Amino acid sequence: MMRFIRSAFVIARRDFGATVLSKTFIFFLLAPLFPLLMGGVFGSIGARVATQAARPVVAVVSSDKDFDRLSSARSELAQALGEDTMVSLVHYPAEPNLALQKARLLSSRNPPIRAVLTGGIDHPRLTGSVADDPGTLGQLRLVIANARSPGEATPALLPVTNVESSSGSEVRDRALTAQIGQMLLFFFTILLAGMLLSQVIEEKSNKIIEVIAAAIRIDAMFVGKLFAMLAASITGIVVWISAGAVLIQIMKHGGVATLPAPAIGWPGFLALGIIYFAMNYLLLGAAFLTIGAQASTVREVQTMSLPVTFTQMLIFGFASTAIGSPDSPTALAAAIFPLSSPMAMIARAAEDPQWWPQLVAILWQGLWVALIIHFGAMLFRKTVLKSGPQSKWWRLKRA
Amino acid sequence: MLQQVSQSAAPFAPAVEATELVKDFGETRAVDGVTLAVPKGSIYGLLGPNGAGKTTILRMLIGIIDPSSGTRRVLGQERPLEVAPEVGYLPEERGLYPSMYARDAIAFMGSLRGLPLSEGRRRADELLEEHNLGDWAKKPIRSLSKGMAQTVQLLGTIVHRPRLIVLDEPFAGLDAINQGRLEELIRRETRAGATVIFSTHVIAHAERLCERVAIIAKGRVAFDGRVDEARAKLRPIVRLRTRAAEGPWRSAIPADARRDGEEWVFELPESGPEPLLKVLIDGGAGIETLAIERPGLHDAFVAIAGPSAAEAMGREKVQ
């Protein structure tokens with residue numbers, strides 16, 4: 001046993017060093033920046049578009065007096081509904097040819113005008129594209145009503161006492177934490193387990209696999225590779241989480257302390273996150289490594305790994321049913337099914353403060369990890385050293 | 001543990017023994033009942049053309065693959081991987097990590113066999129210096145020439161000072177100078193007490209290096225023994241040139257003798273050279289030249305493995 005562990009360690013040390021000490025690992029660490037940057041760029045564009053779409057502009061063709069009353073009424077309503085959600089009113093003095101003026105305003109680009117209000121407060125008439133926009137129409141009705149009888153629609157004084165959280169907000173926040181935790185677990189696993197495939201291809205293309213196979217048990221090599229990439233992945237994740245925490249500390253008022261705390265607490269949640277990532281990674285990684293052993297080219301690897309990736313997405317979908325109702329039958333099934341268990345349980349950690357289900361799940365998953373690694377290594381040993389004519393991967397004859 | 005293994009092995013037991021080894025790949029029988037014994041401290045050659053089964057035999061002997069049937073015993077152990085730290089193996093298809101430094105590659109190969117990494121690096125530096133590659137110790141493998149990379153891999157095979165060194169076609173791809181160096185390295189390792197088994201399809205290497213050879217043809221051992229014994233399978237060859245074309249001396253020429261230009265070529269009769277000479281002289285042959293040649297390993301190989309195997313070996317050598 002000691003020799004097995006020592007052999008696995010030799011492989012793990014080589015692979016870990018080759019991965020983490022390579023220049024390309026810096027790109028690997030920077031990888032999450034790219035989606036964040038993309039998200040930021042597209043998010044700001046989207047936000048601008050959304051702002052424009054959310055605040056329609058209505059041109060008011062009226063006397064100055066009528067417009068002042070409408071504007072005051074709008075301001076009062078904005079106190080109740082919020083400035084950002086209210087229509088904007090822009091005043092235009094009436095021109096001799098009203099029809100022409102309306103047509104010109106409706107085709108105006110700056111500002112883009114949704115509708116034109118004419119007839120003043122007494123005989124209001126709206127012309128514009130508002131058939132699918134009942135919100136704008138409703139707001140204008142309220143504004144006009146308020147302008148006709150100022151003061152009647154003044155919002156009542158409602159003193160507010162703010163608390164840190166309520167049961168309603170806690171459930172919502174924890175569900176969000178569960179969702180984010182589960183998604184991170186899924187994406188990290190899918191992205192990082194894929195790296196294992198290239199590892200086997202490297203060994204095969206460098207033809208060093210025979211040197212290794214002559215010196216140590218092939219299953220020690222399998223385990224060494226698996227844990228080397230797990231260690232490299234955890235290195236990356238620790239860097240990313242630390243960088244994320246620093247970023248939040250700098251950018252968010254109050255820092256990480258203001259983040260919605262998971263039910264089990266942040267230290268426990270982060271520890272479970274690492275454990276469940278390891279479990280998920282080992283389960284999926286063993287599958288990827290076994291697939292890598294069957295293939296001799298990158299193309300073959302990609303073809304073979306596609307069904308596994310899709311299956312993993314289905315499993316992710318299954319595990320996501322645990323969010324919001326961790327004791328439902330489907331959530332319990334997702335927690336018991338070994339491949340979805342890590343993702344289901346990280347969601348549970350965000351929503352349920354009890355530790356014993358987590359400990360049971362870790363033992364259960366550990367058992368399955370051992371089983372899958374055992375069978376994966378066996379398959380790996382039988383197929384990775386196939387020489388001579390390429391045999392079909394499903395014909396697993398003893399080498 | 002290694003000491004226990006060494007002590008448990010009988011002192012005069014062969015370093016490697018194989019009994020009736022069979023290996024089937026699907027419907028194909030690659031190795032068919034191979035039995036051989038490699039004495040400790042010897043240089044042992046596996047001779048045969050490509051496809052004869054040499055690599056498969058070596059892979060079974062060192063435990064990369066298991067035989068379909070038959071038994072093997074390596075340094076006293078039936079499970080070869082148990083003695084992996086005492087074995088060095090150079091596969092036919094050379095392989096190293098391209099981005100690894102030469103010294104690290106050697107140390108890594110040693111660490112696979114249980115040598116601590118720091119000690120491996122120290123020995124790697126020594127070995128590289130000895131082989132005039134000291135300046136390349138901290139250069140990545142990808143920057144080395146093919147010959148240098150092969151030398152590095154060979155040094156990685158012996159860095160942990162194995163008692164058994166198994167080399168699969170070690171001379172392939174090396175130029176004449178590096179082949180000479182490799183031959184010297186093999187001799188040096190055996191002088192230090194190691195047993196060396198190597199496969200080759202170049203008979204000259206086996207003839208120069210080996211004390212014992214196994215001639216492999218179609219997955220079987222056609223011959224296993226000392227090189228002298230292989231040669232002894234054939235009678236010495238007589239090459240004779242005479243001034244006289246005909247005469248009573250012709251009675252000394254066997255019926256199966258052949259002409260090679262002006263020379264008669266035939267096996268030395270069992271009675272030896274003296275009666276032959278007497279008949280030739282008394283019969284008025286007028287001996288111009290007479291040579292009695294000891295048959296080479298190549299001749300023995302042709303006789304044992306058959307002309308088609310010899311032809312295949314010749315083709316591979318040219319390639």
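The numbers here are math on the coordinates, done by the rules we state, and not lab data. Model, not experiment: these values are computed from the prediction. A quick note on method: Cβ atoms are made from the backbone with ideal geometry, for glycine too, and the neighbour counts reach across all protein chains shown.
What nm distance separates the two modelled labels at B:Glu93 and A:Lys207, each placed 7 Å from Cα along Cα→Cβ?
Rounded to a tenth, the inter-label distance reads 0.7 nm.
Given the stretch B:119-170, what whole percent of its Cα pairs are spread farther than 14 Å?
52 percent
Suppose R0 equals 35 Å. What FRET efficiency, 1/(1 + (r/R0)^6) with r the Cβ-Cβ distance, do B:Asp66 and A:Trp356 give to the nearest 0.05?
With R0 = 35 Å, the Cβ-Cβ based efficiency is 0.15.
Looking at this model, which pairs from B:Lys40/B:Lys218; A:Lys207/B:Lys23; A:Lys382/B:Lys233; A:Lys23/A:Lys225; A:Lys225/B:Lys146; A:Lys23/B:Lys54 are more than 31 angstrom apart at the alpha-carbon?
A:Lys382/B:Lys233; A:Lys23/B:Lys54
How long is chain B along each principal axis, judged by its Cα atoms, biggest number first, in Å?
Projected onto the principal axes, the Cα atoms of chain B cover 78, 45, 40 Å.
Please arrange A:Leu289, A:Leu30 by counting, for each residue, the other beta carbons lying within 10 Å of its beta carbon, fewest first.
A:Leu30, A:Leu289
Determine the sum of side-chain charges near B:Arg250: Lys and Arg each +1, Asp and Glu each -1, restricted to other residues whose C-beta is under 15 angstrom from that of B:Arg250.
+1
Return the single residue from B:Val196, B:Val238, B:Val74 with maximal mean-square fluctuation; model: Gaussian network over chain B, springs between Cα atoms under 10 Å.
Answer for the Gaussian network model of chain B: B:Val238.
Taking only Cα atoms of the stretch B:171-305, what ratio of Rg to Rh do you get with Rh as the Kirkwood inverse-distance radius?
A ratio of 1.12.
List the equivalent ellipsoid semi-axes of the stretch B:240-303 in whole Å, largest first, each obtained as the square root of 5λ for an eigenvalue λ of the Cα gyration tensor.
Over the Cα atoms of the stretch B:240-303, the semi-axes work out to 22, 13, 10 Å.
Where a ≥ b ≥ c are the square roots of the eigenvalues of the C-alpha gyration tensor, would you call the stretch B:159-226 rounded, which needs a/c under 1.5, or, failing that, prolate if a/b is larger than b/c, or oblate?
Since a/c reaches 1.5 but b/c is at least a/b, the shape of the stretch B:159-226 is classed as oblate.
Treat the count of other C-beta atoms within 10 Å as a stand-in for reagent exposure and order A:His123, B:His298, B:His201 from fewest to most.
Final ranking by Cβ density, sparse to dense: A:His123, B:His298, B:His201.
Find the centroid of the Cα atoms in the stretch B:151-198 and in the stretch B:41-68, then give the distance between the two in whole Å.
Cα centroid to Cα centroid, the span is 16 Å.
Between A:Trp364 and A:Lys23, how high is the FRET efficiency from 1/(1 + (r/R0)^6) when r is the Cβ-Cβ distance and R₀ = 35 Å? Nearest 0.05.
That gives a FRET efficiency of 0.30.
Quick one: A:Lys102, B:Lys218, fewest Cβ neighbours within 10 Å first, how do they rank?
The fewest-first ordering by Cβ neighbours comes to B:Lys218, A:Lys102.
Please compute the Kirkwood hydrodynamic radius of the protein assembly as shown from all pairs of different C-alpha atoms, in Å with one decimal.
Mean inverse Cα-Cα distance, inverted, gives 32.9 Å.
For chain B, what is the relative contact order in percent, using Cα pairs closer than 8 Å and at least 6 residues apart in sequence?
20 percent
What does the helix-only formula give at 222 nm for the protein assembly as shown: each DSSP H stretch with n ≥ 4 adding -39500 (n - 2.57), the total divided by the residues, and the result rounded to the nearest 500 deg cm²/dmol?
-17500 deg cm²/dmol
Quick check: net charge around B:Ala192, other residues with Cβ under 11 Å of its Cβ, Lys/Arg +1 and Asp/Glu -1?
Net of charged neighbours comes to +4.
Calculate the length of the line joining the C-alpha centroid of the stretch A:292-341 to that of the stretch A:359-378, in whole Å.
15 Å
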